[in-house]
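Worksheet: one structure, shown below.
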Amino acid sequence: MTSVERGREPGGVVAPSRDDPVVHLGSEALGGPLGRHARTGTSWWTPLRVLLALTFLTCGIGLVQKEFCRDTGWGAPGVYVHSCYSDIPPLYFGRGLADGEVPYIDQVGDRRVEYPVLTGAAMWLTAQAVGSSADPGDASARTLRYFDINALALALCAAIAVAATARTAGRRPWDAALFALAPVLALSGTINWDLYAVALLALGMLAWARARPVAAGVLIGLAAATKFYPLFVLGPLLVLCWRAGRMREFWAALVAAVGAWTVVNVPVMLVDVDGWARFYRLSEDRGAGFGSVWFVLSQQGYSVPEGALNVVSGGLFALACVGVAVLGLRAERRPRLPQLVFLVVAAFVLTNKVYSPQYALWLLPLAALARPRWRDFLIWQAAEVVHFVGTWMLIAGYPPGNPDRALGEDGYGATVLAHVAGTLWLCAVVVRDVLRPEQDPVRAAPDGASPWIATVQEPARTLTPYPVDDPAGGVLDHAPDAHPLPLRNRPRTGGG
């Protein structure tokens, strides 16, 4: 069977209409899947350009969904019923940005920004654009302008993340369409500034895929200075680099990440250590919040004592990380980097004290690389949409006990369980792919043959692997194992 017959275009790019069952079925309405002898690569509309257009289309749909708030303001009574709330407009005035205050330097008390330093920098820079282009006496006009400028900047971040994900996927650039067309991107992309971290981490993953560990480390460090979760990439890198005997590259990435984080954080610490530390203190002191299982338990009268919640939540996350590490070390074939990164970040949001709707944005590029299948992705996204609506319907009826509340506690609890179950579903299929690589869409073998294609020559034990190993792995791609701990005695490929 030729590469075209197994779903690849002549240029080596995977054709989604021949690779993914859902896309194959949907293509029937447009004339059927790509033909075996179709000419590709002759149109101006390259995969990357199409993906960027889809990204901006999705972000535009998100703006339409926020139109009620843009027209009436973010403090209007119907904000939550219309599910258009965003943190961006309230914090424009609430954190002194409208008055020209510089985060961490001019702010005091509750006006201090409660985010890492690069997020604070983005908030301030976009506020400067408002000050030079809007009537300073019209608060509503300035707030709208601030939101629109941030919405544009966040759409650009989404486009960068989609482009980086497409490049990281190698011969599967269309996998990034999972990100570009995700309902969560439209609904949650402008709730907060999370897409800055998503874009930086996606670029870091691309740098690692291009075998540039120092650049990858710098980008990971900058991403962690925007949101905390990108630091969790270093755990899977440690596990996989140790197994492959590529620790030099890991240490280079780690030192670069720490250095980049230090460069942007230390100056702020020296100016105002209390303002700098506010994000970390709030993360430690906050109780169970929206979207988490802990919040649902408290609604049902089974709350974890406030002093113990950090220990329980952190302990469960640590156990999950140990499980992911064992999986990475003992799987017969070394897992792909995006698979382990997705599992670690998913474990964090599942065990965290808060699982806000926008946290699903963190998982979008990782899910597209770890499990590029529309069926599983749409199951997860459907659950996230249910939770997104449920969150705002619950808040619409606050304070608790209001007989006119739009959604009761039991109903909201069901939406939380739905999005937790959706995330767990995606985790389950990723774990299955790790344990059974023949089920992994990225590593699927041609002609239905076993992916364990190997030529064994004793005593050198030279292994010839199936050509696709880990497109995002960089120096890990096709690297032989130096420290394997297989679950079963079965020949392994050179890719781990």
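Throughout, read-outs are computed from the coordinates displayed, never taken from laboratory work. These figures come from a predicted structure and were not determined experimentally. Glycine gets a Cβ as well: all are built from the backbone with ideal geometry, and neighbour counts include every protein chain shown.
Among 110-123, 81-94, the peptide with the highest mean count of other Cβ atoms within 10 Å heads the list, and the full ranking is 110-123, 81-94. Only the Cβ atoms of Lys and Arg (+1) and of Asp and Glu (-1) were treated as charged; on that basis the dipole of segment 47-447 about its Cα centre amounts to roughly 1680 debye. All alpha carbon pair distances within segment 47-447 were sorted into 10 Å bins beginning at 0; the resulting P(r) in whole percents reads 5, 21, 33, 28, 11, 2, 0. The chymotrypsin sites (Phe, Trp or Tyr not before Pro) of segment 245-313 that DSSP puts in a loop, and whose beta carbon has at most 11 other beta carbons within 10 Å, are Y302. Taking a point 7 Å from the Cα of V102 along the Cα-to-Cβ direction, the residues of segment 264-297 with backbone N closer than 13 Å to it are 267-272.
You can think of it this way: the chain between L25 and E67 has 11.7 nm of extra reach, that is 0.36 nm per residue less the Cα-Cα gap.
A simple rule links phi to the HN-Hα coupling: the Karplus curve 6.51 cos²θ - 1.76 cosθ + 1.60 with θ = phi - 60°, which for segment 189-197 gives x, 10, 5, 8, 9, 4, 5, 5, 5 Hz, with x for Gly and Pro.
Here segment 214-272 and segment 329-392 have alpha carbon centers that stand 21 Å from each other.
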